[in-house]
2 protein chains.
Amino acid sequence: MSNSTPATIEDVARIAEVSIATVSRAIHMPEKVAKSTRLKVNQAIALTGYTTNAMARSLRLGRSNMILVVAPDIGDPNFSSILVGLENEARAHGYGVLIGHTQNDAQRGLEYLKFFNSYQAAGLILFTGILPFGHQAATASLPPSVGVFEPVFNGGIPYVGVDDVEGARKAVDLLISEGHRRIAFIGDSNTRLAYGRRRLGYEAGLAAAGIPLNRQMVLDGDGTVESGRLALEQLFMRDDLPTAFMCVNDQTALGVTLGLKARGYEIPDDFSVTGFDDVPQASFMTPSLTTVRQPRTAIGKHAMALLLDMLSDRAAPETEILLRPDLVVRNSVGPPPDGKKR
Amino acid sequence: MSNSTPATIEDVARIAEVSIATVSRAIHMPEKVAKSTRLKVNQAIALTGYTTNAMARSLRLGRSNMILVVAPDIGDPNFSSILVGLENEARAHGYGVLIGHTQNDAQRGLEYLKFFNSYQAAGLILFTGILPFGHQAATASLPPSVGVFEPVFNGGIPYVGVDDVEGARKAVDLLISEGHRRIAFIGDSNTRLAYGRRRLGYEAGLAAAGIPLNRQMVLDGDGTVESGRLALEQLFMRDDLPTAFMCVNDQTALGVTLGLKARGYEIPDDFSVTGFDDVPQASFMTPSLTTVRQPRTAIGKHAMALLLDMLSDRAAPETEILLRPDLVVRNSVGPPPDGKKR
DNA sequence: CTGGCCACTGTAAAGGTTTACATCATCATC
DNA sequence: GATGATGATGTAAACCTTTACAGTGGCCAG
């Protein structure tokens, strides 16, 4: 039963007294095989504990059942919950998940492209906003790919993410409903397309409330803690302070929060702060951060499903799947100090 | 140059005007090939952009260059930084990393065992304290495996982790040096071997300071937030409270912290608290948590290195590699309320 | 009875690689 | 100059699977 070498299709065929072709058919095209034969084959499979040799199969098919997932940094805590969605969906369809991380090194990205070819992976999931391969590879034809989290810059690659505009809109709407009218947007940047969309949501929210856009209230920032701190410093050098800070992501919000605390202010009594992403730390900050949640596991699931759909090429791939973000209301938002609501 | 179908070893052989055997040798046993030939082959490889077809190679060798990493939950934020170490080390040696997660479901564990065989993976990295496969598989011969984080119960599987005894010792020593003598240990349990070791460190620390072990001060707990809360309730139902809570992990410490805050106590003024693991949230708690850091990336690196060593079977595998844990001193520890030091 | 169709099954080739074995040239030794 | 050792290379089999094609037998219609 449990021999030293694993059972091959030939072992199964011998026991079931059929040819190996029939065994293969019984597995992959059961309707093409007589019921009685199918039964014999299944028994033989159970008896031998046979599992298809994926290597032989992939060699024959010229394509393996593996999906390569490449992120700039797999150590990012945001990454892991997406991975859950990706893996579950892949597994449910008989695919395996290979992972890699580039550390934003194009050289490493190219290595993964080689790796991809070597392992004949069926598809590619990209976490990077940019193609992790050098320009030469970018022009060449890419394997079936799906972007996650944010659009991939230079390639018509479909992507699955959150509706950034709507998410930002929810945050700004909350602030407005609390009575804020001077709301700063921190983290304007062209490093990430997602950031631009969040700003769009911010502007739309202001417009809907009839609040004119004040360009002085839009500050640069690349999404790091430091950038939040820095933007804050710039604002405090002027006269007209906002009453609320809407940050492009949670890191930035953390920077702002730390900066405000360092100046002796209380949140949300003196100022309100919102973030975006809902990183695991957000609920542990003091005060806990009101932010926009990325439905990470769902994003992963949809991304993998989309890729798998593309592989079995039914229908043209959508270019964009946007999931609805939820606002997570915690304790970093309140009415403005002079607000009427308190 | 970049054709539709990828170049095979035959293409390389034709261009280099040698046989495919020579090409294969030039790649894998360069010293067995004349220098001039090697040069021709390398040129041809560069010209064609040839990459070995890993499927064909694995089929021939009966073993692939893939390592399967199985965790109960890949969504665990602790997991990702280990993954970084694992992946880097694997990649450096030309191995790919496949991931899976069992969600503590034995059925799923078995699926991964099948998967392992099907993909002819070279080795297995286990995050589980128990073998994720049912008992039947446990008795069968396992592939080369390495445990990570904590010993694997039922199997003589080497593992890489942190020296739990030493880590706990550092935590208790800090508390003692601050003046604490009534120190509770929360999270005694046999669900995880690591927890038992941490208790050992706790006891050793007390003994070294000449503090008699008070069994009333050792409370059960399975490492969840709730278990921390629960243990606290139990303690408060007695007369003799400790001045410090040494928790078996950060989750438990969080539970204790929340419980103390709910009762209106200040940390570290009224009570001191320590954790273990240094999860990403620990620095965001209020007060930020003094805890023992697991060098996660290093653990991953060592685990993969050990596994790879075992595969090329030089030397017998060590059964245990314990890394030195560092104490991360933050703000949850101070002298006891009646302490002399303040 | 013949021919044709159908449902099922078998034969054999192909996919790309590694490696045992065979071959061949070269060179040192006596 | 014959012999054998050495080093470099080629030939061909094997790894396990899928699938095009061919074959078989049964059955029905003419």
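The values are calculated or read from the model by the stated rules, or taken from the named source; none is laboratory data. Here the structure is a predicted model, which is why all the values come from computation and not from measurement. FYI the Cβ positions are ideal-geometry reconstructions off the backbone, even for glycines, and counts take in every protein chain you see. When the accessible area is computed, the model is the full protein with side chains, heavy atoms only, and any ligands, DNA or RNA have been set aside. Shrake-Rupley method; radii C 1.70, N 1.55, O 1.52, S 1.80 Å.
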Relative to the first principal axis of the alpha-carbon coordinates of chain A, what is the inclination of helix A:164-177, with its axis defined by its Cα atoms, in degrees from 0 to 90 and to the nearest 10? 30
Angle between the Cα long axis of helix B:225-236 and the longest principal axis of chain B, 0 to 90 degrees, nearest 10? 20
hull vol. (C-alpha, convex hull) per residue for the protein assembly as shown, Å³ -> 208
The stretch B:41-88: trypsin sites (Lys or Arg not before Pro) in DSSP coil with no more than 16 other Cβ atoms inside 10 Å: B:ARG63
Unit charges on C-beta of K, R, D, E only; dipole of the stretch B:164-294, Debye: 200
Among B:GLY255, B:GLY221, B:PHE284, which residue has its Cα furthest toward the positive end of the charge dipole of the stretch B:164-294, with +1 on Lys/Arg Cβ and -1 on Asp/Glu Cβ? B:GLY221
Output the antiparallel fraction of DSSP beta bridges having both residues in the protein assembly as shown, as a percent to the nearest 5. 10
Quick one: order B:VAL70, B:VAL329 from most to least accessible surface, probe 1.4 Å. B:VAL329, B:VAL70
Put B:LEU61, B:LEU307 in order of accessible area, largest first, probe 1.4 Å, and you get B:LEU61, B:LEU307
With springs connecting C-alpha atoms under 10 Å apart, model chain B as a Gaussian network and identify which of B:ARG293, B:ARG14, B:ARG263 has the largest mean-square fluctuation. B:ARG14
Dipole magnitude of the protein assembly as shown about its Cα centre, charges +1 at Lys/Arg Cβ and -1 at Asp/Glu Cβ only, in debye to the nearest 20? 1480
Beta bridge orientation in chain B: antiparallel %, DSSP, nearest 5: 10
With one decimal in nm and the nearest listed first, the spacings from A:ASN214 to its own position in the other copies, using label points 7 Å along Cα-to-Cβ, are 5.9
Determine the sum of side-chain charges near A:SER283: Lys and Arg each +1, Asp and Glu each -1, restricted to other residues whose C-beta is under 15 angstrom from that of A:SER283. -1
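Percent relative contact order of chain B, based on C-alpha pairs within less than 8 angstrom and at least six residues apart?
Relative contact order for chain B comes out at 17 percent.
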Net charge, B:ILE20 excluded, C-beta distance under 10 Å - Lys, Arg +1, Asp, Glu -1: 0
Options A:PRO242, B:TYR112, B:ALA303, ranked by Cα towards positive dipole end of the protein assembly as shown, top entry (Cβ charges): B:TYR112
Per DSSP, loop GluC sites (Glu not before Pro) in the stretch A:265-342 with at most 13 further Cβ within 10 Å: A:GLU266, A:GLU318
Selection from B:VAL328, A:PRO317, A:PHE149, by position along the positive dipole direction of the protein assembly as shown (Cβ): A:PRO317
homo-copy label distances at A:ALA21 (7 angstrom along Cα-Cβ), nm, one dp, ascending, are 3.3
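How charged is the neighbourhood of A:ILE45? Take every other residue with its Cβ under 14 Å from the Cβ of A:ILE45, and add Lys/Arg as +1 and Asp/Glu as -1.
Net of charged neighbours comes to +2.
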Longer than 25 Å from Cα to Cα, which of A:LYS301/B:LYS114; A:LYS261/B:LYS170; A:LYS40/B:LYS114; A:LYS261/B:LYS261 are they? Say none if no pair is. A:LYS261/B:LYS170
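Using unit Cβ charges (K, R positive; D, E negative) and no other charged atoms, how large, in debye to the nearest 20, is the dipole of chain B about its Cα centre?
Dipole of chain B, to the nearest 20 debye: 1020 debye.
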Name the chymotrypsin sites (Phe, Trp or Tyr not before Pro) in the stretch A:148-186 that are in a loop by DSSP and that have at most 15 other C-beta atoms within 10 Å, would you? A:PHE153
Helix-only CD estimate at 222 nm, as mean residue ellipticity for chain A, using -39500 (n - 2.57) per DSSP H run (n ≥ 4): -13000 deg cm²/dmol
How high is the relative contact order of the stretch A:164-294, given as a whole-number percent (alpha carbon pairs under 8 Å, six or more residues apart)? 25
Measuring label to label, 7 Å along Cα→Cβ, what does B:ARG293 give against each other copy in nm, shortest first? 3.1
